[in-house]
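For reference, the structure discussed in these notes is given below.
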Amino acid sequence: QVQLAESGGTLVQAGGSLRLSCEASGSIFNLHMMGWFRQAPGKQREFVAVMVTAGRTRYADSVKGRFTISRDNAKNTLYLQMNSLEPEDTAVYYCAARHSRSVDLYTQQYDYWGQGTQVTVSS
């Protein structure tokens, strides 16, 4: 079993920056994919970014050039650096992880999910 704990969400003004963290614990071996997703009130959960073991990354068009996904293997932590934040980025952000590889890097089929952290961008 794997536990994921997101942190770093807060209220921030438009144009500001924020870094989210996701610490993995438990049976954390062979987590080949880790990703970030978000869900705004009344909307479906959407893909934000993903990183695989080989280092390949993908981003949603809405965040490309503004967000950066990274990891610190020594700390078992995944990060999402968010710059130039916009009110449209307001959502609960979720960290997710899966053991098996997927051909579809945009998949929302993950084995483990965190509880989410709230990011609110004010105008």
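Couple of notes before you dig in:
- Top-ranked residue of the range 78-107 - restricted to ones that are among the polar types (S, T, N, Q) and modelled with pLDDT of 95 or more, ranked as farthest from S21 (Cα to Cα): T107
- If the condition is being open to solvent by less than 40 Å² (accessible area, probe 1.4 Å) and either of a type in the set (G, A, S) or more than 22 Å from Q13 (Cα to Cα) (or both), then the range 60-98 contributes A60, T77, L78, A91, C95, A96, A97, R98.
- In the range 43-59, the residues that are open to solvent by 70 Å² or more (accessible area, probe 1.4 Å) and not hydroxyl-bearing (S, T, Y): K43, Q44, R45, E46, A54, R56, R58
- Number of residues in the range 99-123 that are farther than 29 Å from L11 by Cβ, among the aliphatic types (A, V, I, L, M) and surrounded by 14 or more Cβ atoms within 10 Å (Cβ to Cβ) equals 1.
- Only one entry of D89, D111 meets the criterion of being over 24 Å from Q1 (Cα atoms) and either in contact with a strand residue (DSSP E or B) (Cβ under 7 Å, 6 or more places away or on another chain) or among the basic types (K, R) (or both), and that entry is D89.
- Selection from the range 43-83 of residues that are polar (S, T, N, Q), within 11 Å of the chain's Cα centre (by Cα) and closer than 13 Å to Y93 by Cα: Q81
- Y59 closer than 16 Å to L4 by Cα and at pLDDT 95 or above: no
- Matching option when the condition is farther than 14 Å from D72 by Cα, open to solvent by 50 Å² or more (accessible area, probe 1.4 Å) and in contact (Cβ under 8 Å) with a residue 12 or more places away in the chain, among A40, A5: A5
- The residues in the range 9-27 that are under 16 Å from K75 (Cα atoms) and either in contact (Cβ under 8 Å) with a residue 60 or more places away in the chain or part of a strand (DSSP E or B) (or both) can be counted, and the count is 8.
The values are calculated or read from the model by the stated rules, or taken from the named source; none is laboratory data. Values in this document were obtained by computation on a predicted structure and should not be read as measured data. Heads up, the Cβs are rebuilt from the backbone with ideal geometry, glycines too, and the neighbour counts pull from every protein chain shown. Quick note on the areas: whole protein, heavy atoms, side chains included, nothing else; ligands and nucleic acids left out. Shrake-Rupley method; radii C 1.70, N 1.55, O 1.52, S 1.80 Å.
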